[in-house]
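K.L.:
First the structure, which I've put down as structure tokens, then a few questions once you've had a look.
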Amino acid sequence: MSDTQSHGDISRPLDELHPNERGKADSHYLRGTIAEGLAAPITGAISEEDNKLTKFHGIYMQDDRDLRDERRRQKLEPAYQFMIRVRLPAGVCTTDQWLRLDELARTYANRTLRITTRQTFQFHGVLKGNLKPTIQGLHRTLLDTLAACGDDNRGVVASANPHQSALHSQMHDLARRVSAHLLPRTRAYHEIWLDEQQVASSEAADEEPIYGRTYLPRKFKIGFAAPPTNDIDVYSQDLGFIAIADDAGELAGFNVCVGGGMGRTDNEPKTYPRLADVIGFCQPEQVVDVAEKVVTLQRDYGNRVDRSQARMKYTIDRLGLDWFKDELERRLGHTLEPAHDGEAFTHNGDRYGWVQGVGGHWHYTLFIENGRVRDRDGLPLMTALRELARVHRGEYRLTCNQNLIIANVPEKERAAVDALLKAHGLHNTTRHTPLRLHSMACVALPTCGLAMAESERYLPSLVSKLEAVMADAGLADNAITIRMSGCPNGCSRPYIAEIGFTGRGPGKYNVYLGGGFHGQRLNRLFLNNVGETEILEALEPILHQYARERRQGESFGDFVIRAGHVTAVTSGKDFNA
Ligand code: SRM
Ligand code: SF4
């Protein structure tokens, strides 16, 4: 392991740390007994210890929660199945890759693809015996799932940013480089899933120069944003890079921000969401080194005893931002320039419909409600995207708002793409209200083991009811960001939404108000543990008041604070006040 050993938890004996630390250390660099578990025919499950390790391979064991009670009554084991998350830096895939993903989803998964809030795909409902064929199918199209989950650097995201093609391609390139640089170096993935032979001295060969044998204390997330669009919610990242353009519109470098994160637990005031702080500026060629050094800092000083305190946001609040910056600069061997002035963020949503990029090519941003790609009666989305992928031999880009961009369409192909969109009823801007276009829900039931309430399957109907209220108030053409998570972990980043919901129990939610329209401010708890009737009764008069009393250009999140419905949250530590 490179760099100086610290006085942080990394240097403490394993028996003083959280049991997961020993699990990682003893796993022989993420191998554990995964291969043996896959071969065991009598259960659809793998062991709990291996389940922790497969996360580093992008794979989660789950069970179908809709079937839990019935299976229990029948004295059967839960309906075990797996979720597989693809590593897709900056959310870009070719349409050839899409066709392969589509085929794998229909062959081995539940015939859907799920676009995530970190611009990649998940397969759900994969049975144990189908894990290997799915990973091998992905490998054949040059995709992998390594480090898509686990205590490591996860998928690196970047603004999808269709209107700034030059900046996008530079950020895409950097996202790929950072992602590749921070990948675990173990060959475990190749051996287990791709049948690579284990070399005799693999322990030595598998040395992890960046992570060491206990990897990171917790998950780690990096994102690149290009103002004016904050479509990745850069302040929610552990490490964020905000692009600064020079006078000619070329990339000058990045303002660096650290310490974002959403996860929290109800009734645990020591847990809180936090927005990242800007600590300086770096040149594009310094990005990979900055990322590595921030990761090693968190590796050494992150809390390895209490996983609820292990994210880097808590490391920074415990040791201080000034200390963090000094230690980072010491490891870099140079100081960071002061943050540069740059273009301001104006929103954190997507720009729907056609936009022309710098090189003249066209991009169409398609609304995919809550990221679920599937065929439904009257809306054959999966079929449509397959047919489009056969016509458009270019790229699909995913957004962190769970949408899809048909990217880089040459002028002469645009009519054909348009015709296909129309034929399948997919022209979003005419089909959906701005409220729906700014809504987002996490997966939750039936696959997520942590869900306390519905999210993806419920938000569309709640939005319909809110749309009626909005129309009645004369707000039908207004955008308000609205995000729902089935539990307080915050996978849809609900704590930055203007209206946020987090699940408390079946049909019950906490309601948060006052997030910033461009992702710059956390929201505040407004209602605790309420059902739909109370939600609608409480929001209706506020939406009407907003329609009557808002100032020119005032967002709903700003209004609810000015009108005194909630007080502004000024920092993560203030969230639970
Ligand atoms: Fe998440 C755990 C789904 C983005 C914070 N998240 C989970 C698991 C794996 C549940 C589990 O641990 O058993 C969920 C799987 C559900 C399923 O059935 O698919 C899950 N998270 C998702 C996705 C698919 C939500 C979506 O609807 O798109 C997103 C996948 C992103 C990706 O492609 O990598 C997803 N999760 C996020 C985000 C948003 C982001 O990163 O921009 C967050 C908040 C940001 C952050 O990390 O702070 C997030 N997920 C969590 C947490 C809380 C972490 C914490 O610090 O407390 C958990 C639980 C945990 O880690 O203990 C979690
Ligand atoms: Fe599951 Fe909670 Fe994340 Fe939703 S927010 S996907 S319920 S962990």
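K.L.:
Of all residues in segment 66-79, how many are open to solvent by 60 Å² or more (accessible area, probe 1.4 Å) and either in a helix (DSSP H, G or I) or touching a residue at least 24 places away in the same chain (Cβ under 8 Å) (or both)?
P.N.:
Counting residues in segment 66-79 that are open to solvent by 60 Å² or more (accessible area, probe 1.4 Å) and either in a helix (DSSP H, G or I) or touching a residue at least 24 places away in the same chain (Cβ under 8 Å) (or both) gives 9.
K.L.:
Is it true that some residue in segment 249-265 is among the polar types (S, T, N, Q) and surrounded by 23 or more Cβ atoms within 10 Å (Cβ to Cβ)?
P.N.:
Looking for residues that are among the polar types (S, T, N, Q) and surrounded by 23 or more Cβ atoms within 10 Å (Cβ to Cβ), one finds at least one in segment 249-265, hence yes.
K.L.:
Right, next: In segment 489-506, which residue that is within 21 Å of GLN309 (Cα to Cα) and open to solvent by 10 Å² or more (accessible area, probe 1.4 Å) is farthest from ligand 2 (Cβ to nearest atom)?
P.N.:
Result: ARG493.
K.L.:
Follow-up question, since we're still on this one. Could you please give the count of residues in segment 223-257 that are within 13 Å of ligand 1 (Cβ to nearest atom) and touching a Leu at 6+ places or on another chain (Cβ under 6 Å)?
P.N.:
1
K.L.:
Within segment 507-520, which residues are under 21 Å from PHE345 (Cβ atoms) and either among the hydroxyl-bearing types (Ser, Thr, Tyr) or open to solvent by less than 40 Å² (accessible area, probe 1.4 Å) (or both)?
P.N.:
If the condition is that a residue be under 21 Å from PHE345 (Cβ atoms) and either among the hydroxyl-bearing types (Ser, Thr, Tyr) or open to solvent by less than 40 Å² (accessible area, probe 1.4 Å) (or both), then TYR512, LEU513, GLY514, GLY515, GLY516, GLY519 are the ones that fit.
K.L.:
Residues that are more than 30 Å from ASP26 (Cβ to Cβ): find the helices (runs of 4 or more DSSP H) completely inside segment 95-197 holding 3 or more of those.
P.N.:
95-108, 165-181
K.L.:
Regarding segment 403-418, can at least one residue be identified that is within 23 Å of ALA109 (Cα to Cα) and touching a helix residue (DSSP H, G or I) at 6+ places or on another chain (Cβ under 9 Å)?
P.N.:
yes
K.L.:
Among ARG100, ARG85, ARG111, which is the only one that is free of Cβ contacts under 8 Å to residues at least 60 places away in the same chain and open to solvent by 20 Å² or more (accessible area, probe 1.4 Å)?
P.N.:
ARG100
K.L.:
Among the residues in segment 95-117, are any at pLDDT 95 or above, under 30 Å from PRO19 (Cβ atoms) and polar (S, T, N, Q)?
P.N.:
yes
K.L.:
Hey, another quick one. Looking at segment 320-344 only, could you name the residues that are of a type in the set (Gly, Ala, Ser) and surrounded by 13 or more Cβ atoms within 10 Å (Cβ to Cβ)?
P.N.:
Within segment 320-344, ALA339, GLY342 qualify.
One line per residue, one yes/no per condition, for (1) modelled with pLDDT under 95; (2) within 16 Å of ligand 2 (Cβ to nearest atom); (3) assigned to a helix (DSSP H, G or I):
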site: ALA204; (1), (2), (3): yes, no, yes
site: GLU208; (1), (2), (3): no, no, no
site: TYR211; (1), (2), (3): no, no, no
site: LEU216; (1), (2), (3): no, no, no
site: PHE224; (1), (2), (3): no, no, no
site: ILE232; (1), (2), (3): no, no, no
site: TYR235; (1), (2), (3): no, no, yes
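K.L.:
Output the residue which, of all residues in segment 26-50 that are in contact with a Gly (Cβ under 7 Å, 6 or more places away or on another chain) and not in a loop (DSSP other than H, G, I, E, B), is least open to solvent (accessible area, probe 1.4 Å).
P.N.:
Once the filter is applied, the top-ranked residue is ASP50.
K.L.:
Here is a follow-up. Those residues that are more than 8 Å from ligand 2 (Cβ to nearest atom), touching a residue at least 60 places away in the same chain (Cβ under 8 Å) and buried (at least 19 other Cβ atoms within 10 Å of the Cβ), I need them from segment 451-476; list them, please.
P.N.:
GLU456, LEU459, LEU462, LEU466, MET470, LEU475
K.L.:
Okay, next question. Can you pull out every residue in segment 555-569 that is charged (D, E, K, R) and more than 28 Å from the chain's Cα centre (by Cα)?
P.N.:
Hit for segment 555-569 is ARG562, nothing else.
K.L.:
Among the residues of segment 528-558, count how many are without any contact (Cβ under 8 Å) to a residue 40 or more places away in the chain, open to solvent by less than 50 Å² (accessible area, probe 1.4 Å) and touching a Leu at 6+ places or on another chain (Cβ under 9 Å).
P.N.:
Number satisfying all stated conditions: 2.
The values are calculated or read from the model by the stated rules, or taken from the named source; none is laboratory data. Since this is a predicted model, take the numbers as computed values, not measurements. Glycine gets a Cβ as well: all are built from the backbone with ideal geometry, and neighbour counts include every protein chain shown. For accessibility, only protein heavy atoms count, side chains too; no ligands or nucleic acids. Shrake-Rupley method; radii C 1.70, N 1.55, O 1.52, S 1.80 Å.
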